[in-house]
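The values are calculated or read from the model by the stated rules, or taken from the named source; none is laboratory data. Here the structure is a predicted model, which is why all the values come from computation and not from measurement. Virtual Cβ from ideal backbone geometry, glycine too; neighbours counted across all protein chains shown.
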């Protein structure tokens, strides 16, 4: 049994190979060669918190993975982070526990960011110059970093409900080699940027029909549980192409679910990211096409990034 | 984050307090103050194996627990045990991981044995002298040890399909202070013993109506998943009292389920162990009463024993 901390793990996963690891996990998921366990949810009230267990085995992989993740909302007032996570790696030939990845949620943050970047590359227009970011939390930062890296973008605009936080994030990103500035409104952001990524826990749509223009591309990350929505039903209905990480999950929640339930979205326009990647890295949409990628988070990506991390870590210590 | 191995863990749980810990978990379960996560099952085919995740939080407990347990059937041919298990302990106030109990399944074996002993005490006749054990595996051994300890019994008879294994177990138990002998048939075992415990993975009933007599008491441990059955429907129908660990689970599988579905068991005769313990440690049945305790295994007991172990371990290392 081996135990690795966040620092060990981040050192090995920051590799150019990680993008293809995530792409292959999307493809395996859409090819239905991933065995995923039922998602477990424990709800705590005093103090309030949510705890989830996701588990998955990618066919042929030497290990399978159980991820346990928590969000306890009063933690910051106790001086500890609200979110945390741990992944357990098991030998798929014997069932024996092999390793504990004490990543504190970093692997989830990273696989979500890379998933966003992979989706962004699929729907991005040719030669994108400016990325718009909505939100100012961890995902706002890592999506900006990974999308900019994968698409070769340098200019980033940020809008957040709290503009002070948007400014702070702009400073952070600028210190890390991007040219980032706060933007005064979502309308201006959608008008100026080639691609917009949404990273909020919003429960009312942020991107509405009035904000969209021909050629707008949106990667929607925040909507991961029932009740949340970042992109309005009318925008989903106006989209020429919709990418989803999981058709099953996005039919139940995610930004697509409500428009799909109302029957205003053509199912033919919806495609899973894994299916799209089976054809090409890029959808090659016409310049004026509107496209949305709707990500809800799938256990297959957790299993893939944990397997990659564990393999790198054990190869180094043998 | 603290990590403890099997040896550390077994040292601290071997305490007289552990029985009341298990009793309280039964009571909490029946009082519906336990939050239990959906049970996750991953099925492997190449090589064949089963993997389960159980999770639970006992109301008011400072920690909650996730148990991951595996049975990979070809492991012995690779020189490793077929079953394994690990328990993760989380802080119920912050959701943060606090400890890894690398018990290799020992805590599950132990909580199952103590659950059997608690059930045995509830249904045992006055002054029991002889315990019958059906089976020869780990649970046969630990049930014999714990039931003998809790009821003050010294004489043990053992029947198993493989009588060589029954003899080996008799020798092992005799070396540990009991007077244990193999018994030639289940009929003779049921006739001679005050209390019988069944610990097999049988898929056809072992204890049938022809074997029972007034006053027989049976603790049925082996039937923990659909398809298994150790006690026949007719024996269940003849029982004056039936104890179950979980009415919900024992209605779906367990030895009670099929007789209950056939409508030949009076629901009024069925009681949860936790409900019974709310009244007394012993049901005080009339001497001629037939009684069966049907255990399927509940996550509340995993959470209780892991919490106890973790508390003892951390108290020692502070």
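Worth a mention:
- Residue A:81 fulfils the conditions (1) touching a strand residue (DSSP E or B) at 6+ places or on another chain (Cβ under 8 Å); (2) part of a loop (DSSP other than H, G, I, E, B) except for a single criterion, (1).
- Scanning the stretch A:266-284 for residues that are over 30 Å from residue A:97 (Cβ atoms), in contact with a helix residue (DSSP H, G or I) (Cβ under 8 Å, 6 or more places away or on another chain) and modelled with pLDDT of 95 or more yields A:270, A:272, A:273, A:275, A:276, A:277.
- When B:122, B:151, B:178 are checked against the criterion of being at pLDDT 95 or above and surrounded by 20 or more Cβ atoms within 10 Å (Cβ to Cβ), B:122 stands alone in meeting it.
- Residue in the stretch B:52-63 that is facing another protein chain (nearest Cβ under 8 Å) and in a helix (DSSP H, G or I) present: no
Condition check ((1) within 13 Å of another protein chain (Cβ to nearest Cβ); (2) exposed (fewer than 15 other Cβ atoms within 10 Å of the Cβ)) across all residues:
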{"position": "B:12", "(1), (2)": "no, no"}
{"position": "B:18", "(1), (2)": "no, no"}
{"position": "B:44", "(1), (2)": "yes, no"}
{"position": "B:48", "(1), (2)": "yes, yes"}
{"position": "B:65", "(1), (2)": "yes, no"}
{"position": "B:72", "(1), (2)": "yes, no"}
{"position": "B:84", "(1), (2)": "yes, no"}
{"position": "B:96", "(1), (2)": "yes, no"}
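- Condition met for residue B:305 (modelled with pLDDT of 95 or more and assigned by TED's automatic domain parsing to the domain that holds residue B:22): yes
- Residues that are touching a residue at least 24 places away in the same chain (Cβ under 8 Å) and surrounded by fewer than 19 Cβ atoms within 10 Å (Cβ to Cβ) within the stretch A:162-175 comprise A:162, A:165, A:168, A:172, listed in sequence order.
- Only one of B:303, B:291, B:241, B:309 that is more than 27 Å from residue B:52 (Cβ to Cβ), surrounded by 22 or more Cβ atoms within 10 Å (Cβ to Cβ) and under 20 Å from the mean Cα position of the chain (by Cα): B:291
- Filtering the stretch A:20-42 to residues that are within 10 Å of another protein chain (Cβ to nearest Cβ) and closer than 16 Å to residue A:304 by Cα leaves A:35, A:36, A:37.
- Residue B:208 being surrounded by fewer than 20 Cβ atoms within 10 Å (Cβ to Cβ) and touching a residue at least 12 places away in the same chain (Cβ under 8 Å): yes
- Residues within the stretch A:20-42 that are out of contact with any helix residue (DSSP H, G or I) (no Cβ under 9 Å at 6 or more places or on another chain) and crowded, with 17+ Cβ neighbours inside 10 Å, tallied: 3
- In the condition set (1) buried (at least 24 other Cβ atoms within 10 Å of the Cβ); (2) in contact (Cβ under 8 Å) with a residue 40 or more places away in the chain, residue A:136 is compliant with all but (2).
- Within the stretch A:102-125, being within 11 Å of chain B (Cβ to nearest Cβ) and either at negative phi or out of contact with any strand residue (DSSP E or B) (no Cβ under 9 Å at 6 or more places or on another chain) (or both) holds for A:102, A:103.
- Those helices (runs of 4 or more DSSP H) of the stretch B:233-318 in which 1 or more residues are in contact with a strand residue (DSSP E or B) (Cβ under 6 Å, 6 or more places away or on another chain) and more than 24 Å from residue B:126 (Cα to Cα) occupy B:247-252, B:254-261, B:299-317.
- Exactly one residue out of B:168, B:108 is within 22 Å of residue B:229 (Cβ to Cβ) and not in a loop (DSSP other than H, G, I, E, B): that is B:108.
- Every listed requirement among (1) touching a strand residue (DSSP E or B) at 6+ places or on another chain (Cβ under 8 Å); (2) under 29 Å from residue B:55 (Cα atoms) is met by residue B:155 save one, (2).
- So residue A:77, is it modelled with pLDDT under 95 and either over 19 Å from the mean Cα position of the chain (by Cα) or within 14 Å of another protein chain (Cβ to nearest Cβ) (or both): yes
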